[in-house]
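Novice: Have a look at this one.
The values are calculated or read from the model by the stated rules, or taken from the named source; none is laboratory data. Here the structure is a predicted model, which means the values were calculated and not measured. Using ideal geometry, Cβ is built from the backbone for each residue, glycine included, and neighbour counts are taken over all protein chains shown.
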Amino acid sequence: MPSEIQVKKLLRKNRFPEAFAGKYAFSPYMGCSHDCKYCDGRYEKYHFEGDLHQDISVRINAPELLAQELPKLREFGPICISSGISDAYQPAERKYGLMSECTSILAEYDFPVILHTKSNLMLRDWLNWEKINRRSGVNLYVSITWLDDSMRQKFEPGASSASERWELLRIAHNAGFKTGVLAMPLIPGISDSDEHIRKLLTKTRELDLDFIWIAGLTLKPGRQKDYFLDFINNEFPRHLQKMTGLYLNNDQYGAPLNGRQFYRQIMPLYEEYGFTDCIPHQVFKGKFALYDEISILLHDMQKLYRLKGIHTARLKTAAFKYAEWLKEQKDYIAHRRNISYNVIDIEIKKQLASGEFSQIIENRKLTVFLQRIFLNNKFLDYSTLELKDETDLTYTFNGNP
């Protein structure tokens, strides 16, 4: 049985905001009865006591705290409903209904929302989600690694069926939500074949979703690794020897011995289907403060350009210079509650317009590129590295930035 607890604080602020995890985050629960066999929430360093899929804690005062904390937030950015060790729409939510209350509260504020889930229970609160999307925008990221529900049942016994999750994404996309598939983790020798990956990519493309993000299995030494390998031994014994061998290195982050080989496998598949190994710019554009959006964009550009074989030394230097400048601005405002963080955005727009932004990042060419994005309402297409707008006009940022 779930245990009901009172917590003193709900929202966590992410020090380094990102398109995946947003600016702030919370979950009404600890633990998760989806019982995904690979879940790294079992890892000891997450400090979860007991059985992850049985000992569920219910933060019974989550809606109350959310209502108290939202008005006090000083910086704009997405509220991410997620946790490494829980799903807000896991089975306990059917009884407690905390997300119904939380979404009703979120619909009264101007913060965009990111939801990570493996459940179609979100549809119960659909009217609230539509209100949030109309007001500030919703990004729905659904974890799906199977099209075959018999396999899903083995690996994710407590989660919604694969077909229910694909249908949830279809409904959300048609309602104007930003939507993506988190195809992670793919299991070595079981779900990481080109054929299986192509099926996931094809389904994502058929539904016209915004992205699919594919990742391999990580097994961190300790409870997570032991639990998963015991499961493999019981359900897929012929894969045990190979699986054990792949993770003999006991990497602290759980990476297998052939991790690079897996990414060499999926990169051409991404390109073939018009996807990339990042959450696209158009998905998070306008949902962060401008200063944070630039940070995320510069980080992503380094990754994308490296994958294209383009040197990124000058881009890396510019990103570092910008991070230093931004930290100085934030530190100054953090201790002066009478000053809004919006002044940073105002200053950036002013310096972009005048060209003086190049003095911050010491890169005139990149400054011109950022001017085209943020002064002309364009976004960077991550698959082509071209700038696009609603009329699909393009501008390519060629060469070493």
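Novice: Going by what's in this entry, would ILE114 be described as farther than 24 Å from ILE187 by Cβ and either in contact (Cβ under 8 Å) with a residue 40 or more places away in the chain or of a type in the set (A, V, I, L, M) (or both)?
Specialist: Working: farther than 24 Å from ILE187 by Cβ: yes; either in contact (Cβ under 8 Å) with a residue 40 or more places away in the chain or of a type in the set (A, V, I, L, M) (or both): yes.
Here the answer is yes, as ILE114 does meet what is asked.
Novice: Among the listed residues PHE320, PHE288, identify the single one that is out of contact with any Leu (no Cβ under 8 Å at 6 or more places or on another chain) and without any contact (Cβ under 8 Å) to a residue 40 or more places away in the chain. It would help to see each step written out before you state the result.
Specialist: Values: PHE288 fails: without any contact (Cβ under 8 Å) to a residue 40 or more places away in the chain.
Among PHE320, PHE288, only PHE320 is out of contact with any Leu (no Cβ under 8 Å at 6 or more places or on another chain) and without any contact (Cβ under 8 Å) to a residue 40 or more places away in the chain.
Novice: Can you tell me which residue among ILE187, ILE212 is touching a residue at least 60 places away in the same chain (Cβ under 8 Å) and in contact with a strand residue (DSSP E or B) (Cβ under 6 Å, 6 or more places away or on another chain)? Show your work before the answer.
Specialist: On the way: ILE187 fails: in contact with a strand residue (DSSP E or B) (Cβ under 6 Å, 6 or more places away or on another chain).
Answer to the check: ILE212.
Novice: Test each condition in (1) surrounded by fewer than 20 Cβ atoms within 10 Å (Cβ to Cβ); (2) touching a Phe, Trp or Tyr at 6+ places or on another chain (Cβ under 8 Å) for GLN261 and report the one that comes out false.
Specialist: (2)
Novice: Can I ask one more? State the number of residues belonging to segment 1-35 that are touching a His at 6+ places or on another chain (Cβ under 6 Å) and more than 21 Å from PRO63 (Cβ to Cβ). Before the answer, list the steps.
Specialist: Applying the first criterion (touching a His at 6+ places or on another chain (Cβ under 6 Å)) to segment 1-35 yields 33, 35.
With more than 21 Å from PRO63 (Cβ to Cβ) added as a condition, the list becomes 35.
Residues meeting the conditions: 1.
Novice: Return the total of residues in segment 38-74 being surrounded by 20 or more Cβ atoms within 10 Å (Cβ to Cβ) and either among the charged types (D, E, K, R) or outside the structural domain of PHE155 (by TED's automatic domain parsing) (or both).
Specialist: Number satisfying all stated conditions: 3.
Novice: Quick check on this structure: which one of ARG170, ARG152 is free of Cβ contacts under 8 Å to residues at least 40 places away in the same chain, among the basic types (Lys, Arg) and over 26 Å from GLY41 (Cα atoms)?
Specialist: Details: ARG152 fails: over 26 Å from GLY41 (Cα atoms).
From the options ARG170, ARG152, the qualifying one is ARG170.
Novice: How many of the residues in segment 185-205 are surrounded by fewer than 18 Cβ atoms within 10 Å (Cβ to Cβ), under 20 Å from the mean Cα position of the chain (by Cα) and farther than 19 Å from LEU168 by Cβ?
Specialist: Number satisfying all stated conditions: 0.
Novice: What number of residues within segment 106-130 are buried (at least 20 other Cβ atoms within 10 Å of the Cβ), aliphatic (A, V, I, L, M) and either within 18 Å of ALA67 (Cβ to Cβ) or not assigned by TED's automatic domain parsing to the domain that holds ASN174 (or both)?
Specialist: 2
Novice: Kindly establish whether TYR341 is farther than 26 Å from LYS303 by Cβ, among the aromatic types (Phe, Trp, Tyr) and touching a residue at least 24 places away in the same chain (Cβ under 8 Å).
Specialist: Working: farther than 26 Å from LYS303 by Cβ: yes; among the aromatic types (Phe, Trp, Tyr): yes; touching a residue at least 24 places away in the same chain (Cβ under 8 Å): yes.
Yes: the conditions hold for TYR341.
Novice: Could you please find all residues in segment 131-171 being crowded, with 21+ Cβ neighbours inside 10 Å, part of a loop (DSSP other than H, G, I, E, B) and among the hydroxyl-bearing types (Ser, Thr, Tyr)?
Specialist: Of everything in segment 131-171, those that are crowded, with 21+ Cβ neighbours inside 10 Å, part of a loop (DSSP other than H, G, I, E, B) and among the hydroxyl-bearing types (Ser, Thr, Tyr) turn out to be THR145, SER160.
Novice: I need the full set of residues from segment 226-257 which are touching a residue at least 24 places away in the same chain (Cβ under 8 Å), in a loop (DSSP other than H, G, I, E, B) and either closer than 18 Å to GLU156 by Cβ or among the aliphatic types (A, V, I, L, M) (or both), in order please.
Specialist: Within segment 226-257, PHE236, ALA255 meet the criteria.
Novice: Would you tally the residues in segment 63-106 being touching a strand residue (DSSP E or B) at 6+ places or on another chain (Cβ under 9 Å) and small (Gly, Ala, Ser)?
Specialist: 6
Novice: If you take the residues in segment 50-79 that are closer than 30 Å to LYS37 by Cα and of a type in the set (A, V, I, L, M), which one is modelled with the lowest pLDDT?
Specialist: Step by step, filter segment 50-79, then rank; the result is LEU52.
Novice: Just one of SER27, SER82 is under 24 Å from ILE212 (Cβ atoms) and modelled with pLDDT under 95; which is it?
Specialist: Working: SER27 fails: modelled with pLDDT under 95.
Just one listed residue meets the conditions, SER82.
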